Amino acid sequence: MILLVGTSSSIIKKGEAHNITCPYCQCSTTMNYCIHNKYAVITLIPLFPVEKYVSIYCNTCNQEINLKDLDENTLSRLAAENNNLRSPLWMFFGSFALVCCLFYGLYSYFKSETRTALLIKNPMIKDVYYTKDTKGYYYTFKIDNITKDSIYTTVNDYQVDTPYDIDDINVSENYSNQKSDFSKNELMKLYNSGKIISIKRQ
């Protein structure tokens, strides 16, 4: 997925300013103004507001007025009318979603850690162990039999480079003739050393 980062803007208020002298046509007139709110986006999803700016037009000559050309009294009136104007909440949607994803990720991680810590103490036949070897590759092994002190397993024929791809190799046809056995103490040492990253129980 391609992430496109940029900015966009939206009008958050329209209003009128009365009895203002236009610097172009010199008429004392009513001017229409719009307050725009620029916000950061990622793939069209709003993240957070960046800045506000004003566009103002003369009703008589239809010229857009540069704020620098307005007198201090007019600028003060516009600022006073819009001093408490806030950005709409929807502009924070992306940031809120990212925070939610972060908390959900942390919750899922600690939930998985807690579940793995419980399952490792009570191994069962058909449990699948997601494991990391000494070279940094990831693979699985499945428990075939359990005795009082030992655990007998079949090791997956394949390995992957990242933990996110382990599910792709955890299919029945990938468990053939590679056998391995552990004492229960050895299995616990693997877990404590971080080699066993999760356990899937059917």
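The values are calculated or read from the model by the stated rules, or taken from the named source; none is laboratory data. Computed from a prediction, not measured in an experiment: that's the story for all the values here. Because the Cβ atoms are built from the backbone with ideal geometry, glycine has one as well, and the counts that use them run over all protein chains shown. Note: areas computed on protein heavy atoms with side chains; ligands, DNA, RNA excluded. Shrake-Rupley method; radii C 1.70, N 1.55, O 1.52, S 1.80 Å.
Span-like helix criteria (full DSSP H runs; alpha carbon extent of at least 20 Å along the helix axis; mean Kyte-Doolittle hydropathy of at least 0.0) are satisfied in the chain by 93-119.
Note that the chain presents 66 Å² accessible area per residue, ligands and nucleic acids not counted, probe 1.4 Å. Could you identify which residue out of THR74, THR134, THR162 has the top mean-square fluctuation in a GNM of the chain using Cα springs shorter than 10 Å? The residue with the greatest mean-square fluctuation here is THR134.
At a 10 angstrom cut-off on C-beta neighbours, averaged per residue, how do the peptides 196-202, 152-158 rank from highest to lowest? Let's see the in-between values first.
Numbers: 196-202: 16.0, 152-158: 18.1.
Highest mean packing first, the order is 152-158, 196-202.
Just the protein heavy atoms count here, and of the accessible area of the chain at 1.4 Å, carbon and sulfur take up 54 percent.
Farthest towards the positive end of the charge dipole of the chain, among the residues VAL5, ILE20, VAL54, is the Cα of VAL5, using unit charges on the Cβ of Lys, Arg, Asp and Glu.
The candidate values are (1) 1.41; (2) 1.11; (3) 1.06; the one derived from this structure for Rg/Rh (Cα atoms, Kirkwood Rh) carries the label (1). Each residue of segment 59-70 was assigned a 3J(HN,Hα) from its phi angle through the Karplus expression (A = 6.51, B = -1.76, C = 1.60, θ = phi - 60°), giving 6, 8, 9, 6, 7, 7, 9, 6, 4, 5, 8, 8 Hz with x at Gly and Pro. Over the residues of the chain, the helix contribution to mean residue ellipticity at 222 nm works out to -8000 deg cm²/dmol, using -39500 (n - 2.57) for each DSSP H run of at least 4.
Take the Cα of GLU173, go 7 Å toward its beta carbon, and the backbone nitrogen atoms of segment 118-162 under 15 Å from that spot belong to 157-158. For THR60, nonlocal amide neighbours, meaning residues 5 or more places apart or on other chains whose placed amide H falls under 5 Å from its own, do not occur.
Taking the centroid of alpha carbons for each part, segment 11-87 and segment 152-176 are 62 Å apart.
Give the relative contact order (percent, whole number) for segment 48-187; include only Cα pairs under 8 Å separated by 6+ residues. Provide the component values of the computation, followed by the final result.
On the way: 141 pairs, mean separation 19.3, N = 140.
Relative contact order for segment 48-187 comes out at 14 percent.
Among LYS111/LYS184; LYS121/LYS142; LYS14/LYS38; LYS135/LYS184; LYS13/LYS52, which pairs are too far apart, with a Cα-Cα distance over 19 Å? All intermediate terms of the calculation are to be shown ahead of the outcome.
Values: LYS111/LYS184 23 Å; LYS121/LYS142 16 Å; LYS14/LYS38 15 Å; LYS135/LYS184 23 Å; LYS13/LYS52 11 Å.
From the list (LYS111/LYS184; LYS121/LYS142; LYS14/LYS38; LYS135/LYS184; LYS13/LYS52), the Cα-Cα distance tops 19 Å for LYS111/LYS184; LYS135/LYS184.
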